[in-house]
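Engineer: Before I ask anything, let me first share the structure, which is written out below as structure tokens.
The values are calculated or read from the model by the stated rules, or taken from the named source; none is laboratory data. Not measured: the values here are computed from a predicted model. Cβ placement follows ideal geometry from the backbone for every residue including glycine, while neighbour counts extend to all protein chains displayed.
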Amino acid sequence: MAEKITDSFDDTFAPGVEYLFRKHSKDRESGKFKKEKPALQKAAILTGLFVILFFYFMIPASRIHSVTVSGNHFLTDDYVRSLSGIKRNDIFYLVFPPYISYKVETDPLVESASVSLNENNRIVIEVKEKKVVGYRYDEKGWLLFADGTETELQSEFLDVIAKVPFITGFEEPEQKRLLAKAFANIDDSVIANISEIREYPMPYDEDAMVIVMRDGAFVIADYYNTDIINRYNEIYSRLKNKKQCIYAVAKEYQAAAYTSECPWDKKETEREYWRDENGKIITNSYGDLAIKHFYYDKEGKYARDENGDKIPVPINEKGDEVRDLDFVEHYEAGYYKTGVLVIPEEEPDGEESKSEEPKSE
């Protein structure tokens with residue numbers, strides 16, 4: 001009969017060992033949970049935020065309600081909006097203003113731009129445009145800015161040319177630079193009233209130009225006395241003979257103007273020069289020969305003194321002209337009988353005396 005072999009393991013210890021295994025497993029899971037608890041909490045928070053943002057972005061309150069453009073003169077509101085890339089119903093708080101400003105400033109007509117996020121989900125784009133002097137054609141169309149730079153005329157800029165003059169000539173870089181500088185301080189409203197700027201060298205001024213106004217008047221100026229254009233409306237309103245040209249002249253601290261027959265209407269005559277007592281031709285402060293010019297009456301004919309001689313425009317010791325800006329009035333009053341301005345003055349006793357102080361520019 002076979003002998004029964006018994007297990008040496010005591011069953012009385014089995015429950016204790018099983019308990020230890022279960023306890024060890026439970027402790028291990030508890031420690032693992034404690035280690036993972038912060039990560040689980042973060043995940044829960046992020047999930048909650050994602051759900052909140054998801055539902056927020058789905059509602060109308062999260063969208064852009066309007067995009068307003070300000071400061072633009074040449075560029076349309078729609079064009080500036082297209083530059084920004086912003087559209088209505090885009091997410092309001094996903095707009096990054098510095099980036100939008102950068103996109104708008106890439107346009108050659110924009111000098112600077114700022115973008116702000118306002119209440120009621122309203123976005124405001126404020127632009128500062130470059131000052132445009134005019135446009136010209138040189139195989140291609142070009143816009144000339146007041147800072148001397150140019151940009152090619154694009155289809156988006158066609159509305160601009162209706163508000164600025166057409167430029168004829170001034171092809172050399174230095175000429176364009178001087179022209180831009182000459183009009184840098186001219187009001188935009190005045191520039192809009194100019195239809196054309198022509199290069200028009202004169203015998204006594206190679207830098208002369210003709211500024212054609214939209215009302216048909218002509219202004220003769222050069223690079224250094226265009227400031228007179230800012231007073232154009234005032235000058236033109238006082239112009240009796242609208243067929244005459246307005247001539248801008250240099251003054252000590254500002255530009256002045258007088259009116260006379262336009263250069264293309266004047267008959268060719270032999271040029272006369274001012275000469276000194278020795279017969280030598282006088283030069284003016286610019287180093288040019290001092291050409292003798294003569295006054296015209298209100299009919300555009302040479303004004304003459306009582307001896308029938310033409311009345312010259314006098315010059316000063318520097319050889320520069322000293323014009324009587326009210327010549328026609330003084331001439332009609334008989335103050336130029338001697339060929340020079342003599343304005344009568346009344347003495348206290350009622351007798352007249354004569355003053356030979358000319359009223360000059």
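Engineer: Which residues, taken from the stretch 61-105, are of a type in the set (Val, Ile, Thr), surrounded by fewer than 16 Cβ atoms within 10 Å (Cβ to Cβ) and within 15 Å of VAL127 (Cα to Cα)?
Structural biologist: Within the stretch 61-105, THR68, THR76 qualify.
Engineer: Out of all the residues in the stretch 136-176, which are in a helix (DSSP H, G or I) and either free of Cβ contacts under 8 Å to residues at least 12 places away in the same chain or exposed (fewer than 11 other Cβ atoms within 10 Å of the Cβ) (or both)?
Structural biologist: Result: SER155, ALA162, PRO173, GLU174.
Engineer: What number of residues within the stretch 196-231 are charged (D, E, K, R) and either closer than 15 Å to ARG177 by Cα or assigned to a strand (DSSP E or B) (or both)?
Structural biologist: 6
Engineer: Hey, among the residues in the stretch 129-162 that are among the charged types (D, E, K, R) and touching a helix residue (DSSP H, G or I) at 6+ places or on another chain (Cβ under 8 Å), which one's farthest from ILE228 (Cα to Cα)?
Structural biologist: The selected residue is GLU156.
Yes or no, residue by residue, for (1) over 43 Å from the mean Cα position of the chain (by Cα); (2) part of a helix (DSSP H, G or I); (3) over 27 Å from ARG238 (Cβ atoms); (4) of a type in the set (A, V, I, L, M):
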| site | (1), (2), (3), (4) |
| --- | --- |
| ASN307 | yes, no, yes, no |
| ARG323 | no, no, no, no |
| GLU329 | no, yes, no, no |
| LEU341 | yes, no, no, yes |
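Engineer: Restricting attention to the stretch 299-323, report how many residues are closer than 18 Å to GLY339 by Cβ, touching a residue at least 24 places away in the same chain (Cβ under 8 Å) and of a type in the set (D, E, K, R).
Structural biologist: Total satisfying the criteria: 5.
Engineer: Just for the stretch 291-302: of the residues that are aromatic (Phe, Trp, Tyr) and closer than 17 Å to GLU329 by Cβ, which one is modelled with the highest pLDDT?
Structural biologist: Within the stretch 291-302, the match that is modelled with the highest pLDDT is TYR295.
Engineer: Of the residues that make up the stretch 321-333, is at least one more than 27 Å from ILE220 (Cα to Cα) and at pLDDT 90 or above?
Structural biologist: Yes, the stretch 321-333 contains at least one residue that is more than 27 Å from ILE220 (Cα to Cα) and at pLDDT 90 or above.
Engineer: Another one. Being at pLDDT 85 or above and more than 16 Å from TYR204 (Cβ to Cβ) is the requirement here; does ASP265 meet it?
Structural biologist: Answer is no for this residue.
Engineer: So is LEU75 modelled with pLDDT under 90 and under 23 Å from the mean Cα position of the chain (by Cα) or not?
Structural biologist: Spelling it out, LEU75 is indeed modelled with pLDDT under 90 and under 23 Å from the mean Cα position of the chain (by Cα).
Engineer: I would also like to ask the following. Do we find a residue being aromatic (Phe, Trp, Tyr) and under 28 Å from LEU75 (Cβ atoms) anywhere in the stretch 217-227?
Structural biologist: Checked the stretch 217-227: no residue is aromatic (Phe, Trp, Tyr) and under 28 Å from LEU75 (Cβ atoms).
Engineer: Would you confirm whether any residue within the stretch 188-195 is in contact with a helix residue (DSSP H, G or I) (Cβ under 9 Å, 6 or more places away or on another chain), on the phi < 0 side of the Ramachandran plot and assigned to a strand (DSSP E or B)?
Structural biologist: Looking through the stretch 188-195, at least one residue is in contact with a helix residue (DSSP H, G or I) (Cβ under 9 Å, 6 or more places away or on another chain), on the phi < 0 side of the Ramachandran plot and assigned to a strand (DSSP E or B).
Engineer: Also, I was wondering about something else. Can you name the condition, by its number, that GLU172 falls short on among (1) on the phi < 0 side of the Ramachandran plot; (2) modelled with pLDDT of 90 or more; (3) within 16 Å of the chain's Cα centre (by Cα)?
Structural biologist: Answer for GLU172: the failing condition is (3).
Engineer: Return the residues of the stretch 226-243 that are within 15 Å of ILE191 (Cα to Cα) and not aliphatic (A, V, I, L, M); say none if nothing qualifies.
Structural biologist: The answer is THR226, ASP227, ASN230, ARG231, TYR232, ASN233.
Engineer: Still on this model: When you go through ASP288, ASP305, ASP309 one by one, which is the residue that is surrounded by fewer than 16 Cβ atoms within 10 Å (Cβ to Cβ) and modelled with pLDDT under 90?
Structural biologist: Selected residue: ASP288, the only one of ASP288, ASP305, ASP309 that is surrounded by fewer than 16 Cβ atoms within 10 Å (Cβ to Cβ) and modelled with pLDDT under 90.
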